[in-house]
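Heads up: the structure comes next, in structure tokens.
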């Protein structure tokens with residue numbers, strides 16, 4: 001009789017190699033899916049901005065002026081649902097007065113989280129002009145030029161159009177606005 005045993009199965013080294021390969025493939029897939037999710041959330045933000053813009057314009061067509069900023073915010077303040085950012089930002093759940101439910105079913109919220117100060121949707125209006133922001137939330141589809149949709153002009157002074165050839169005010173903030181509110 002022979003002292004050698006016939007064994008069927010894997011060695012510890014083979015199992016470790018397989019686990020390592022599976023781990024590497026999983027991490028690559030996770031990174032790819034994460035990028036796709038970020039891109040998708042940015043597209044949701046853009047779509048929500050366009051829906052808000054349409055609702056605001058419908059409100060103006062029916063009422064003769066743009067809806068006021070909610071939260072009892074002054075004309076010089078932005079209102080939004082998340083924690084108020086420092087400066088001219090105010091926070092409440094009904095951040096655009098009179099828009100829901102007649103012109104839009106509900107006001108959107110940021111697809112990730114509006115629990116962080118200074119992130120999420122904000123609106124400002126003085127009745128004759130308005131600006132809507134998705135502030136500090138853009139994850140992948142950044143604004144790199146004023147030629148892009150949703151670009152935000154640099155600085156609060158004046159109402160001239162965005163200067164060509166200069167860097168946008170914020171690459172991770174989307175903005176839509178009426179004429180005259182470019183630089184808010």
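The values are calculated or read from the model by the stated rules, or taken from the named source; none is laboratory data. This is a predicted model, so every value here is computed, not measured. Every residue, glycine among them, receives a Cβ derived from its backbone with ideal geometry; neighbour counts consider all protein chains shown.
The set of residues from the range 89-118 being more than 15 Å from residue 134 (Cβ to Cβ) and surrounded by 16 or more Cβ atoms within 10 Å (Cβ to Cβ) comprises 90, 91, 97, 99, 103, 104. So if I check each of 29, 58, 5, which one is part of a helix (DSSP H, G or I), modelled with pLDDT under 90 and more than 20 Å from the chain's Cα centre (by Cα)? Matching residue, one of 29, 58, 5: 29.
The residue pairs whose first member lies in the range 10-39 and is within 30 Å of residue 110 (Cα to Cα), whose second member is assigned to a loop (DSSP other than H, G, I, E, B), and whose beta carbons are closer than 6 Å, counting only pairs six or more residues apart or on different chains, are 38/139; 38/140; 39/140. Among the residues of the range 114-133, those identified as in a loop (DSSP other than H, G, I, E, B) and in contact with a strand residue (DSSP E or B) (Cβ under 8 Å, 6 or more places away or on another chain) are 114, 118, 119, 129. Selection over the range 62-113 of residues that are under 16 Å from residue 49 (Cα atoms) and outside any loop (DSSP other than H, G, I, E, B) gives a count of 5. Beta carbons closer than 6 Å, at least 6 apart along the sequence or on distinct chains, pair a first residue in the range 134-159 that is outside any loop (DSSP other than H, G, I, E, B) with a second that is surrounded by 18 or more Cβ atoms within 10 Å (Cβ to Cβ) and modelled with pLDDT of 80 or more for 134/45; 134/121; 134/174; 135/122; 135/173. Among the criteria (1) surrounded by fewer than 18 Cβ atoms within 10 Å (Cβ to Cβ); (2) touching a helix residue (DSSP H, G or I) at 6+ places or on another chain (Cβ under 7 Å); (3) on the phi > 0 side of the Ramachandran plot, the one residue 136 does not fulfil is (2).
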